[in-house]
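The values are calculated or read from the model by the stated rules, or taken from the named source; none is laboratory data. Only a predicted model underlies this, so the values are computations on that prediction, with no experimental measurement involved. Note that each Cβ is placed from the backbone with ideal geometry, even for glycine, and that neighbours are counted across all protein chains shown.
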Amino acid sequence: MPVRISDDASARATGADDVAAAFAAAGADVARVSSWGMQWLEPLVEVDGIGHANVTPADVADILAGSTRLAIGPVAEHPFIARQQRLTFAPSRWPISRPPAAGAASPRRGGSAPGRRSRR
Amino acid sequence: MTTSDNGDLGAIIAAHKDRDGPLLPILQAVQEAFGCVSEAARREIAHALNLSRAEVHGVASFYHDFTAAPRERPVVKICRAEACQARGVEALMPAAERAAEGRAVLEPVYCLGLCGIGPAAMVGTRVHARLDEARLAALIAEA
Ligand code: FES
């Protein structure tokens, strides 16, 4: 299960690169993804759909050991996200930031809207 | 600009000359390669693109990132726009100015898109947020 860490400006400006390096050094499979847009939670680290907010390199071992000290629950259900009606960045794309490898199962999950076709 | 630079300048111009809207990519590449877009370079770019020197100068002087001469000191851009003001950037400035004295140039910029997590600053291509006095001073010292 990859550890998802944004590489947009707000994440990098708050130290996400160091956090990503620390996860990689600890042997985790790190995927740099786009941001959910919740600047105040960055660096936001997503493990198995669960967000961990304002993570520093010092928290990495804890998170990998299953600590929920910084956990904010499922990111897709965060009120800031759940209350939005996304028209262009449709829920069917959450939280995909690059196309899945050919033949890979669709990583669609979270708040996917029923009946919506994912375009890719 | 020395003659030996002219070869590189010519190569930069040739690389972008035939694309749509060649001026900005050329100015960016020249600034990157030489640390400035000198008067001589502006002249040569204008000539190559069949533009007036005034046109090239107008574009080059509109964007603060294009400089006529190389900068002697590293530049730290500190956001002084509304959200960063609300988040206290002005209170950091005396310490920032002390840290910059004799080693870096502080430039105000107006919004780095990090409004929710200001005060924000930029050094080179890197942005930094949630700055306090100590972190901003460290940034300036390392710039
Ligand atoms: S106001 Fe400072 S980043 Fe937008």
Checklist entry - Tell me, which residue of the stretch B:77-111 that is within 16 Å of residue B:140 (Cα to Cα), within 14 Å of another protein chain (Cβ to nearest Cβ) and out of contact with any Gly (no Cβ under 7 Å at 6 or more places or on another chain) is surrounded by the fewest Cβ atoms within 10 Å (Cβ to Cβ)? => result B:109
Item to check | the stretch B:32-46, residues that are part of a loop (DSSP other than H, G, I, E, B) and out of contact with any Leu (no Cβ under 9 Å at 6 or more places or on another chain) | outcome: B:35, B:36, B:38
Item to check | Long-range neighbours under 7 Å by Cβ, at least six apart or interchain, first residue at the interface with another protein chain (Cβ under 7 Å from one of its Cβ atoms) within the stretch B:112-127, second assigned to a strand (DSSP E or B) | outcome: B:114/B:127; B:120/B:79; B:120/B:127; B:120/B:128
Checklist entry - Quick one: in the stretch B:128-143, which of the residues that are crowded, with 16+ Cβ neighbours inside 10 Å and within 14 Å of chain A (Cβ to nearest Cβ) is nearest to the ligand (Cβ to nearest atom)? => result B:129
Checklist entry - Here are some conditions: (1) near the ligand (Cβ under 10 Å from one of its atoms); (2) on the phi > 0 side of the Ramachandran plot. Residue B:115 meets all but one. Which one does it not meet? => result (2)
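Per-residue answers, yes or no, for (1) surrounded by fewer than 17 Cβ atoms within 10 Å (Cβ to Cβ); (2) modelled with pLDDT of 95 or more; (3) within 14 Å of chain B (Cβ to nearest Cβ):
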site: A:8; (1), (2), (3): no, no, yes
site: A:25; (1), (2), (3): yes, yes, no
site: A:33; (1), (2), (3): no, no, no
site: A:49; (1), (2), (3): yes, no, no
site: A:60; (1), (2), (3): no, yes, no
site: A:64; (1), (2), (3): yes, yes, no
site: A:72; (1), (2), (3): no, yes, no
site: A:75; (1), (2), (3): no, no, no
